[in-house]
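In what follows, a single structure is set out as structure tokens and then discussed.
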Amino acid sequence: MTDTVSVPTAASDSAQGYVDDPRNADVLLYVDGDFVTRDKAVVSVFDAGFVLGDGVWEGLRLVKGRLLSLDAHMDRLFQGANAIAMDLRMTREQVVAAIRATLDRNGMTDGVHIRLMITRGRKTTPNQDPRFAIGKPTMVIIAEYKTPRPEAKARGLTLFTSAIRCSAPDVFDLRLNSHSRLNLIQALIQAINAGADEALMLDPMGFVASCNSTNFFIVRGGALWTSTGRYNFRGITHATIMALARENGVTVRETDFTLAETYGADEAFATGTLGGITPVTRIDGRRIGSGGSGPLTARLSAIYEGWVQAA
């Protein structure tokens, strides 16, 4: 008999947690042009996404009727699909129209997180060869009312440095925003079992890369540090924060830095589509800075929120 690893199941403790909203029970989902209820939303067991995680996805946010950073999301989606030789059989305008149709069908105008998923589609048999795909890609759009849990921002995130490394582009390019996420899930499981909220992941050289589902920043000497981006996913919120920081006179360094430099940081925070900026208060049991949201983190949070409301 083999031992199993126990993974806590309290989703409310997750760094990706959100406030429960009863409206989501009645939301209609888009599945290949049809709108269906949650219990009717299904794809084939021969679908390439189910069989192999063969596909690309985007997470978008709807604020006051506006889809934030829409062009950047579409750029990433189509570049990822092109990189894996997957013809979406849709134009950018058609993909956006499907997203807006899903929002309109549900009467959604604000406070919505959208998961757009496109796989290579159904295959004649479960194998790796993309030539066994038949028909067109499968597209699913799930729009849900989501608000980050306020207590997460108030107390900040705790991180645990995982033994699982972020991969180089010649091994597995995280810039593709692929459905394949097992290495990141493994890292998160390690962090959960260590009592942390999220995993901090290093690159193959041992420098800090990112968290398992978010990008990562530290503050040292009034400057904002983040990784070079060679070994982690290309976060759109991550890029927005850097641009806003520079516009507001903050020095931004995209550089290699170590765990030792991270432990000694004045502040740290994570960025993502849903949560925006979330302070990081402890890493590997060590308190970061004052143990709360530092002044630059708070300032950038206010700047980013102002950008969100005005975008």
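The values are calculated or read from the model by the stated rules, or taken from the named source; none is laboratory data. Given the structure is predicted, the values throughout are model-derived calculations rather than measurements. Quick reminder, even Gly has a Cβ in these numbers, built from the backbone with ideal geometry, and neighbours come from all protein chains shown. Only protein heavy atoms, including side chains, enter the accessible area calculation; ligands, DNA and RNA are left aside. Shrake-Rupley method; radii C 1.70, N 1.55, O 1.52, S 1.80 Å.
Which of the listed residues, Val42, Met139, Ala152, is farthest toward the dipole's positive end in region 41-165, when Lys, Arg count +1 and Asp, Glu count -1 at the beta-carbon?
Ala152
Given the options Asp71, Asp39, Asp266, state which has the largest fluctuation in a GNM of the chain using a 10 Å cut-off (strictly under) for Cα springs.
Greatest mean-square fluctuation among the candidates belongs to Asp39.
For Asp284, list long-range residues whose amide hydrogen, built 1.01 Å from N in the peptide plane, is under 5 Å from its own amide hydrogen.
Leu159, Phe160, Thr161
For region 140-259, what does the alpha-carbon gyration tensor say about shape, rounded, prolate or oblate, given a ≥ b ≥ c as the root eigenvalues, a/c under 1.5 as rounded, and a/b over b/c as prolate?
Because its axes are fairly even, with a/c under 1.5, region 140-259 counts as rounded.
Over region 29-70, what percent of the accessible surface lies on carbon and sulfur atoms, probe 1.4 Å? Write out the running numbers ahead of the final one.
Working: 1110 of 1940 Å².
Exposed carbon and sulfur together represent 57 percent of the surface.
Using a Gaussian network model on the chain with a 10 Å cutoff between Cα atoms, which of Asn232, Asn127, Asn215 fluctuates the most?
Greatest mean-square fluctuation among the candidates belongs to Asn127.
Among the lysines, select those whose C-alpha is under 25 Å from the C-alpha of Lys153, and discard any that sit fewer than 8 residues away in the same chain.
Lys64
Which one, Val42, Val219, Val95, has the greatest fluctuation when you compute a Gaussian network model over the chain with C-alpha springs under 10 angstrom?
Val42
Under a straight-distance cross-link criterion of Cα-Cα below 27 Å, which lysines are reachable from Lys40, leaving out those fewer than 8 residues away in the same chain?
Leaving aside lysines fewer than 8 places away in the same chain, those within reach of Lys40 are Lys123, Lys136, Lys146.
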